[in-house]
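Visitor: The structure is given below, and queries will be raised subsequently.
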Amino acid sequence: MPKTSTPVQIGLVFGGDSGEHAVSIRSAITVLQGLRGGENRHRYVVVPVYIDRQGRWWGPAVADAVLESGQPADEQALPQPLPPSGFRSLPEGTEAVDVWYPVLHGPNGEDGTVQGLFRLMQRPFVGAAVLGSAVGMDKQAMKAAFAAADLPQVPYVCLQANELEPSEAREQLLKRIEALGYPCFVKPANLGSSVGISKVRNREELEIGLRQAAELDPRLVVEQGVSARELECAVLGRDQLKASVVGEIRFDADWYDYETKYTSGRSTTLIPAPLPDEVSQRVRRQALLACEAVGVHGMARVDFFFDEEANALWINEINTLPGFTDQSMYPMLWENSGLTLEQLVHELVQTAGQ
Ligand SMILES: Nc1ncnc2c1ncn2[C@@H]1O[C@H](COP(=O)(O)OP(=O)(O)O)[C@@H](O)[C@H]1O
Ligand SMILES: [Mg+2]
């Protein structure tokens, strides 16, 4: 962070060409509110940058309108003629940005790609860097990193879509998966928001689930299904990471699928989660270890399964750019840990590095 009394220019990048485009806009609105509130008003000038669904980058003129409306930009309303899809160059108006702040979820935002761009530009940015983002995004790589750090996970099998082509090896693979027992969860390795995940109860459903997931991603994971409470812990910091209070998601569904995640009234959050102190401490400790295992700093939300009867805790996943809407767990966990939204985004900007 440059030491200067003039406000720091924050390049707030949001939208993106992933399935979580609309959520990203809502997250960016909350971050913007934090960057413009309280003391931050004098510290920061926000330069919004919008990435449309085709991956084109737009400067403040377009980005402000998207933040204002809260809706993805209509293609027809964008300046014409439209440039080709994808990143071409930084939009006008972003020349003086000091610190980049990506508020993007899913592929091309949370997976190290945009972080690589900031690193090449030799500019500080908020959140996990290339390695942590990439490893955290890919469920196969993430599981391997957790396993190497001896963090407890539910039993799982990793596979590639091409292993599903008819062969003798395929039959053996299916047997290995079935040894996990039913029900199990079939997941594409690189999506998020529960997209492409299915809970399967027999061989027929397993085959369907695998086929559906393989259409979305060549890398797949199958996990033993557990019947457990879902706990989440937020992490923040750079050299010294800290963990928030523990939260819990409860929902009115068999599992936390896409529809349940994004239909209001279908889920509730309990903060802090009603847990014995010893369990909360274990969650917080493991959340920090999970960040270390994956090489994440800046910000992360680490999600767990907790089987109360067996007193067993398993790490489910790490999210390096967790949802940041006014309904999202990450800011709410910090609010309950004593950090206001303004203090939280200020701390996040302080952790920015390359
Ligand atoms: N092994 C499992 N046992 C029980 N429920 C699971 C399991 N894996 C996933 N789920 C359910 O599916 C949801 C989404 O899975 P998750 O791996 O967190 O995917 P995403 O990265 O899309 O959020 C979880 O929140 C949980 O409700
Ligand atoms: Mg999840």
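Visitor: Among Trp57, Pro7, Val23, which residue has its Cα furthest toward the positive end of the charge dipole of region 1-92, with +1 on Lys/Arg Cβ and -1 on Asp/Glu Cβ?
Guide: Farthest along the dipole direction, towards plus: Pro7.
Visitor: If Lys and Arg each add +1 and Asp and Glu each add -1, what is the summed charge of the other residues whose beta carbon sits under 12 Å from the beta carbon of Ala161?
Guide: On the way: positive: Arg170, Arg211, Arg219; negative: Glu163, Glu165, Glu215, Asp217.
So the surrounding residues net to -1.
Visitor: Right, something else. At a probe size of 1.4 Å, how large is the accessible area of Thr113, to the nearest 10 Å²?
Guide: 70
Visitor: If you roll a 1.4 Å probe over region 142-243 with all protein chains in place, what percent of the accessible area is carbon or sulfur?
Guide: Details: 2370 of 4860 Å².
After summing per-atom areas, the C and S share lands at 49 percent.
Visitor: Using the Cβ atoms and a cut-off under 12 Å, what net charge is assigned to the surroundings of Val294, where Lys and Arg are +1 and Asp and Glu are -1?
Guide: Numbers: positive: Lys139, Lys143; negative: Asp138, Glu292, Glu317.
Once positives and negatives cancel, what remains is -1.
Visitor: Let me ask something else about it. Let me make sure I get this right: for region 156-224, a, b and c are the square roots of the gyration tensor eigenvalues over alpha carbons, sorted descending. Under 1.5 in a/c it's rounded, otherwise prolate if a/b > b/c, else oblate. Which is it?
Guide: Values: a/c = 1.72, a/b = 1.20, b/c = 1.43.
The shape class here is oblate.
Visitor: What's the magnitude of the charge dipole for the chain around its Cα centre, counting Lys and Arg as +1 and Asp and Glu as -1 at the beta-carbon? Answer in Debye, nearest 20. Please report the intermediate quantities before stating the final value.
Guide: Working: 31 positive and 46 negative charges, 150 e Å.
For the chain, the charge dipole is close to 720 debye.
Visitor: What are the residues whose amide H is under 5 Å from the amide H of Gly16, where those residues sit 5 or more places off or on another chain and H is modelled from the backbone?
Guide: Under 5 Å from the amide H of Gly16: Ile51, Asp52.
Visitor: In whole Hz, what ³J(HN,Hα) sequence does region 27-43 give by Karplus (6.51, -1.76, 1.60; θ = phi - 60°), x for Gly and Pro?
Guide: Per residue, the Karplus-derived 3J(HN,Hα) values read 5, 5, 4, 5, 4, 4, 4, x, 6, 9, x, x, 4, 4, 3, 8, 7 Hz.
Visitor: Give me the accessible area of Val8, 1.4 Å probe, in Å² rounded to the nearest 10.
Guide: 10
Visitor: Same structure again: Kindly write out, for region 318-323 in residue order, the coupling ³J(HN,Hα) from the Karplus curve 6.51 cos²θ - 1.76 cosθ + 1.60 (θ = phi - 60°), rounded to whole Hz, with x marking Gly and Pro.
Guide: Result, ordered by residue: 10, 10, 8, 10, x, x Hz.
Visitor: For the chain, what is the per residue volume of the convex hull drawn over the alpha-carbon atoms, in cubic angstrom? Walk me through the intermediate numbers first.
Guide: Values: hull volume 51.9 nm³, N = 354.
Cα-based convex hull of the chain, divided per residue, equals 147 Å³.
Visitor: Please list 3J(HN,Hα) in residue order for region 333-338, calculated via the Karplus relation 6.51 cos²θ - 1.76 cosθ + 1.60 where θ = phi - 60°; whole Hz, with x for glycine and proline.
Guide: Karplus-based 3J(HN,Hα) across region 333-338 equals 4, 6, 4, 6, 9, x Hz.
Visitor: Cross-chain or 8 or more residues apart, Cα under 24 Å: how many lysine pairs in the chain fit that? Count them up, please.
Guide: The number of close lysine pairs in the chain is 15.
Visitor: For region 89-190, what does the equivalent ellipsoid look like in terms of its semi-axes, each the square root of 5 times an eigenvalue of the Cα gyration tensor, given largest first in whole Å? Walk me through the intermediate numbers first.
Guide: Working: eigenvalues 291, 47, 21 Å².
Computed over region 89-190, the values are 38, 15, 10 Å.
Visitor: Output the 0 to 90 degree angle, nearest 10, between the alpha-carbon long axis of helix 60-69 and the longest principal axis computed from the alpha carbons of the chain.
Guide: 60
Visitor: Note down the accessible area of Arg36, probe 1.4 Å, to the nearest 10 Å².
Guide: That residue has around 120 Å² of solvent-accessible surface.
Visitor: Ok, one more. What residues have an amide H closer than 5 Å to that of Arg201, excluding those fewer than 5 places away on the same chain, when H is modeled at 1.01 Å from N in the peptide plane?
Guide: For Arg201, whose amide H was placed from the backbone, the distant partners under 5 Å are Leu206.
Visitor: Compute the accessible area per residue over the chain, keeping the other protein chains in place, probe 1.4 Å, unit Å².
Guide: Working: 15870 Å² over 354 residues.
Here the residues of the chain average 45 Å² of exposed surface.
Visitor: Using helices alone, I'd like the mean residue ellipticity at 222 nm for the chain: each DSSP H run of four-plus residues gives -39500 (n - 2.57), total over residue count, nearest 500.
Guide: Numbers: 12 runs with 122 residues, N = 354.
Value at 222 nm, helices only, nearest 500: -10000 deg cm²/dmol.
Visitor: Is region 218-274 best put as rounded, prolate or oblate by its Cα gyration tensor, with a ≥ b ≥ c the root eigenvalues, rounded for a/c under 1.5, and otherwise prolate when a/b is larger than b/c, oblate when not? Could the numbers behind the result be given before it?
Guide: Details: a/c = 1.98, a/b = 1.29, b/c = 1.54.
It comes out oblate by the Cα gyration axes.
Visitor: With axes computed from alpha carbons, what is the tilt in degrees of helix 341-350 against the longest principal axis of the chain, rounded to the nearest 10 within 0 to 90?
Guide: Approximately 90 degrees, to the nearest 10.
Visitor: Quick one: which residues, 5 or more positions from Ala312 or on another chain, have an amide H under 5 Å from its amide H? H modelled 1.01 Å from N in the peptide plane, none for Pro or chain starts.
Guide: Counting only residues 5 or more places away or on other chains, the set is Asp307.
Visitor: Let me ask another. If a/c stays under 1.5 just call it rounded; otherwise compare a/b with b/c (prolate if a/b is bigger, oblate if not). Do that for region 50-102, with a ≥ b ≥ c from the square roots of the Cα gyration tensor eigenvalues. Walk me through the numbers on the way to the answer.
Guide: Working: a/c = 1.80, a/b = 1.24, b/c = 1.45.
The shape class here is oblate.
Visitor: If we count every other residue with Cβ under 13 angstrom of Pro331's Cβ, Lys/Arg +1 and Asp/Glu -1, where does the sum land?
Guide: It works out to a net charge of -3.
Visitor: Between the helical axis of 277-294 and the dominant principal axis of the chain, each derived from Cα atoms, what acute angle in degrees is found, rounded to the nearest 10?
Guide: Helix 277-294 and the main axis of the chain meet at about 70 degrees.
Visitor: With r defined as the distance between the Cβ atoms of Gln281 and Glu207 and R0 fixed at 35 Å, what FRET efficiency is calculated, to the nearest 0.05? Could the numbers behind the result be given before it?
Guide: Values: r = 42 Å, r/R0 = 1.21.
Taking R0 as 35 Å, the efficiency between Gln281 and Glu207 is 0.25.
Visitor: On a full-extension model of 0.36 nm per residue, what is the gain between Glu259 and Glu165, subtracting their alpha-carbon distance, rounded to one decimal in nm? Mind showing how you got there, number by number?
Guide: Numbers: separation 94, 0.36 × 94 = 33.84 nm, distance 3.09 nm.
Extra length from Glu259 to Glu165 when fully extended: 30.7 nm.
Visitor: May I pose another question? Work out the charge dipole of region 124-272 with +1 on the Cβ of Lys and Arg and -1 on the Cβ of Asp and Glu about the Cα centre, then indicate which of Ala228, Ser244, Gln172 is farthest towards its positive end.
Guide: In region 124-272, that residue is Ser244.
Visitor: Another one. Among 243-252, 13-22, 158-167, how do they line up by average Cβ neighbours within 10 Å per residue, starting with the highest?
Guide: Highest to lowest by the protection proxy: 13-22, 243-252, 158-167.
Visitor: Let me ask another. Whole Å is fine, so just give me how far the alpha carbon centre of region 145-194 lies from that of region 221-260.
Guide: When both Cα centres are located, 20 Å separates them.
The values are calculated or read from the model by the stated rules, or taken from the named source; none is laboratory data. Remember, predicted model here, so these are calculated numbers, not experimental data. Note: ideal-geometry Cβ built from the backbone for every residue, glycine included; neighbour counts use all protein chains shown. Heavy atoms of the whole protein, side chains included, go into the accessibility calculation; ligands, DNA and RNA do not. Shrake-Rupley method; radii C 1.70, N 1.55, O 1.52, S 1.80 Å.
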